[in-house]
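Here's the structure we're looking at; comments come further down.
Quick note: the coordinates plus some simple rules give every number you see, no bench work behind them. Keep in mind that this is a model prediction, so the values were computed, not measured. With ideal geometry, Cβ positions are generated from the backbone for all residues, glycine too; neighbour counts draw on all protein chains shown.
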Amino acid sequence: MDDLQHGVAEAFRLLVTGDPELYQIIARTLAISTVATALAMLAGIPLGYGLARGRFPGRTVLLSAVNTGMGVPPVVVGLVVWLLLSRSGPFGSLGLIYTKQAMVLAQFVIATPLVVGFTAASVQSLPVELPDLLYTLGAGRLRRLWIVAGEAQLGLLAAIMAGFGAVISEVGASMTVGGNLRGSTRVLTTAIVTETGRGNLPVALALGLLLLALAFVVNALLTIVQQRQRS
Amino acid sequence: MKRLLCALSILPALPAIPALPAAKPCGEITLATTTSTQDTGLLDSLLPMFKRETCIEVKPIAVGTGAALEMARRGDADAVLVHAPEAEKAYVESGDLIEGRRIMHNDFLIIGPTGDPARVRGQKDAALAMKAIGAGGSFVSRGDGSGTEKKELELWKAAGVSPASIAQREETGQGMGATLLVADARNTYTLTDRGTYLAFKDKLSLVPLVEGDPRLLNIYHAYVVNPGKHPTAHRSEAARFVRYLTDPKVQEWIGQFGRAKFGQPLFVPDAQTTSAKAGQPEETSGRSAARSR
């Protein structure tokens, strides 16, 4: 109990005293996870739409693969990305291992199945006739997509939240491919692991509370947008 | 089919069944220790031997030395086995740790790129080597409060270099294995214990450059957590464990450990040859150990 109180106090102290390293870690965490989620949206929303609306052989297998991907442990993703990017790996010459770019790539791989799965589910919950109806009303292909996306907006925002929530809170992949280097690839979750390992439990807890607060703010913003669309 | 499912459903519970009656009558202790004792496999062999002899179950929690000492201060452990004599002193003085015994040592190496840009190869004085690296090389540090990091900081201090002033110094905040991989990818210098280096040797292009300085000794002490301060601590079992580690027969076993796998022992036993005084690296025994390799 003592430690919990201590942690809350420490969180406020760190924020108020404006520890520059902490602000850097927060900014880095947000930047990496936001870029990864944005890329996952770019790839995942069209894919999800195609899976929901398309009729082609192997569609069920693909959907199952996506649903499995939604549950793959981030540390496994990290391991595979590490093997690809490490110096002895096939893309080692790019020199990407232990960089923010490598972390974005790993988080992108984690978030994409979530975005695809949620998008597919939300598009499938719309009336099947909707595109045909729009077609008969004379809407072009792009316009049809746009209107369907608008209708599926609740689900799409949920997809973004799921993707962002997964990557900002994951530690295994970021640790493996980023290397948790102080001042360059250390993010909130890996900093928590380090501080816990150091025995700095109040600081670790404070970082955990900040992570929670950060996730709350981002999700609150998205939820406000989502609910406004609804009304 | 139904019966099969029934049979399968108890499978996850099976390993727990024999453990239940065994744990109770003999007692168990929590050992806070460092990742090196776990990663080298020392505890995996030692703890079952201890259990066979005494029936006491030891649960090892392998963390950095900083965290292991902190566990003792919080009363979350019954015994500790750590390797940062300087840091240990404070916990002995505060009365959290008692009955300290020196158990064994191994040594640290400074490894780096074969090109050796800071020209430290063969340097016998570790502090001078660190000074050269600080001036003309890059370095990857554990940065996790471990005994290895504490040793690194001690060396920077001896070299008269402030770690913060080195532009090319990075901290991983992770264990020795992960840090070796980062240093290798970055092609930089780093400080490593010999055991972990040997275990990772095949994966690394970095080579040993500086070794044998008595300052590079890595000394392990075992302590009992003081039940006077932490009433939940299991003193008699913990004391028995520390006594076991200093037993001549066990000490001899420690001196042989790793020879089969790595071609050389990973630790040099110390309990018979040195006093029990904590925080006092005996340099003479270190020299002979460094020579014996």
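Brief remarks follow.
- By average C-beta atoms within 10 angstrom, highest first, the peptides B:76-87, A:143-154: B:76-87, A:143-154
- Inter-chain Cβ neighbour average for residues A:171-183, partner chain, 10 Å: 4
- Restricted to Cα atoms, segment B:108-216 shows a radius of gyration and a Dmax of 12.0, 34 angstrom.
- Lys/Arg +1, Asp/Glu -1 at C-beta; segment A:2-230 dipole; positive extreme among A:208, A:20, A:98: A:98
- For segment B:108-216, size of Cβ-based charge dipole, Lys and Arg +1, Asp and Glu -1, in debye: 180 debye
- Where only alpha carbons of segment A:1-50 are counted, the Rg and the Dmax (Å): 17.7, 53
- Mean silhouette area of segment B:35-158, derived from the convex hull of its C-alpha atoms and averaged over all directions, reads 9.3 nm².
- About its Cα centre, the dipole of the protein assembly as shown is roughly 1160 debye, where the only charges are +1 on Lys and Arg Cβ and -1 on Asp and Glu Cβ.
- Neighbouring partner chain Cβ atoms per residue of B:174-186, average, 10 Å criterion: 4
- Of all beta bridges that DSSP places with both ends in the protein assembly as shown, some 60 percent have antiparallel geometry.
- Helix runs (DSSP H) in chain A reaching 20 Å along axis by Cα, Kyte-Doolittle at least 0.5: A:20-53, A:100-124, A:153-169, A:201-230
- Of the residues B:61, B:98, A:174, the one whose Cα sits farthest towards the positive end of the charge dipole of the protein assembly as shown is A:174 (charges of +1 on Lys and Arg Cβ, -1 on Asp and Glu Cβ, taken about the Cα centre).
- For segment A:7-84 and segment B:54-88, distance of Cα centres in Å: 36 Å
- Spatial extent of chain A: Rg and Dmax, with the Cα atoms as the point set, Å: 20.3, 67
- Value of Rg to Rh for segment A:107-197 (Rh from inverse mean 1/r over Cα pairs, i.e. Kirkwood): 1.24
- Size descriptor for segment A:154-231, Kirkwood hydrodynamic radius: 13.8 Å (Cα pairs only, one decimal).
- Look at the alpha carbon pairs under 8 Å that are at least 6 residues apart: their mean separation over the length of chain A gives a relative contact order of 31 percent.
- Per residue of B:166-173, other chain Cβ atoms within 10 Å of the residue Cβ number 5 on average.
- 5 angstrom amide H check on residue B:170, placed H, neighbours 5+ away: B:139, B:140, B:141
- Cα gyration tensor, the protein assembly as shown - rounded (a/c under 1.5), prolate or oblate: prolate
- Packing-based ranking, highest mean first, of B:222-231, B:41-50, A:111-120 given that Cβ atoms within 10 Å are counted: A:111-120, B:222-231, B:41-50
- Alpha carbon convex hull of segment A:1-102, projected area averaged over orientations, nm²: 10.8 nm²
- In terms of packing, defined here as the mean over residues of other Cβ atoms within 10 angstrom, the peptides A:40-47, A:135-142, B:68-75 line up highest first as B:68-75, A:40-47, A:135-142.
- Assuming charge only on the beta carbon of Lys and Arg (+1) and of Asp and Glu (-1), the dipole of segment A:2-230 about its Cα centre is about 740 debye to the nearest 20.
- Label reach from residue A:79 (point 7 Å along Cα→C-beta): in segment B:179-209, no amide nitrogen lies under 17 Å.
- Among the listed pairs B:51/B:89; B:151/B:249; B:203/B:261, a Cα-Cα separation exceeding 27 Å is found for B:51/B:89; B:151/B:249.
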